[in-house]
């Protein structure tokens, strides 16, 4: 087979082995996540502590296990969602160690956006570098389907499926490259949902909002003429 002129790394992360955390280990993760929430610099004043934490299936990449999380909290101007992840090192014959946690918040909630079909969060957790200037962001993506019947989620870069996971308890986690450079045009990640018949139910880019803002702010002389 001839060399691929546009190699895009696929399935770079281990698939989920343990699923959604529970029990004492979930309590240990919750301590880390709450500490990270307390370090958010622009968290609204008088915001409550995170309520029940929703964990997402774990994925492994770069020598660490990554477990995303979301939680609701109350703020003076209304509810907010706290989101982030806890990661750690899992030795083959030892206990988890080197815990790290990161958190942020948003007041843009799924229930206020009935047109959403997927509720997504993402964070860049690393960098990939290839040949001839090719590069991309290793991106952790987690979310919930907002349409019925979804059983699997995939990460797509154009026509390439670069990661996939079954949906567990209404949640999924993906790790894939995003914002790929050096391929001609920059390439971006898209998340798609599928039903049991392998029919696509929904798709969403991580950049939909940014695209809409750019269109709204475009100078008049750049708009299409009728």
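Per the listing 50, 21, the residue uniquely assigned to a loop (DSSP other than H, G, I, E, B), under 13 Å from residue 88 (Cβ atoms) and in contact (Cβ under 8 Å) with a residue 24 or more places away in the chain is 21. As a summary of the residue check, residue 180 satisfies the conditions (1) surrounded by fewer than 19 Cβ atoms within 10 Å (Cβ to Cβ); (2) over 23 Å from residue 20 (Cβ atoms) except for the one numbered (1).
Taken as a whole, the structure leaves residue 86 outside the set of residues that are over 19 Å from residue 55 (Cβ atoms) and either outside any strand (DSSP E or B) or in contact (Cβ under 8 Å) with a residue 12 or more places away in the chain (or both). Annotation: residue 143 fulfils all but one of (1) modelled with pLDDT of 95 or more; (2) surrounded by fewer than 19 Cβ atoms within 10 Å (Cβ to Cβ); the unmet one is (2). Taking the numbered list (1) crowded, with 16+ Cβ neighbours inside 10 Å; (2) at pLDDT 95 or above; (3) farther than 23 Å from residue 14 by Cβ in turn, residue 109 passes all entries but (1). Looking only at residues in segment 81-96 that are modelled with pLDDT of 95 or more and out of contact with any helix residue (DSSP H, G or I) (no Cβ under 7 Å at 6 or more places or on another chain), which one is surrounded by the most Cβ atoms within 10 Å (Cβ to Cβ)? Going through the qualifying residues, I end up with 85. For segment 24-46, the candidate set comprises residues that are under 18 Å from residue 69 (Cα atoms) and assigned to a loop (DSSP other than H, G, I, E, B); within that set, the residue that is nearest to the chain's Cα centre (by Cα) is 40.
Taken together, the residues in segment 144-163 that are touching a residue at least 60 places away in the same chain (Cβ under 8 Å) and either more than 17 Å from residue 129 (Cβ to Cβ) or in contact with a helix residue (DSSP H, G or I) (Cβ under 8 Å, 6 or more places away or on another chain) (or both) amount to 3.
The residues in segment 177-194 that are assigned to a loop (DSSP other than H, G, I, E, B) and more than 17 Å from the chain's Cα centre (by Cα) can be counted, and the count is 5. Using the structure shown, decide if residue 103 is closer than 20 Å to residue 64 by Cα, in a strand (DSSP E or B), touching a residue at least 12 places away in the same chain (Cβ under 8 Å) and touching a helix residue (DSSP H, G or I) at 6+ places or on another chain (Cβ under 8 Å). Yes. Each residue in segment 72-123 was checked for being in contact with a strand residue (DSSP E or B) (Cβ under 7 Å, 6 or more places away or on another chain) and over 24 Å from residue 149 (Cα atoms), and 27 of them qualify. The residues of segment 26-62 that are modelled with pLDDT under 95 and within 24 Å of residue 166 (Cβ to Cβ) amount to a single one, 52.
The values are calculated or read from the model by the stated rules, or taken from the named source; none is laboratory data. Keep in mind the model is a prediction, meaning the values are calculated, not measured. A quick note on method: Cβ atoms are made from the backbone with ideal geometry, for glycine too, and the neighbour counts reach across all protein chains shown.
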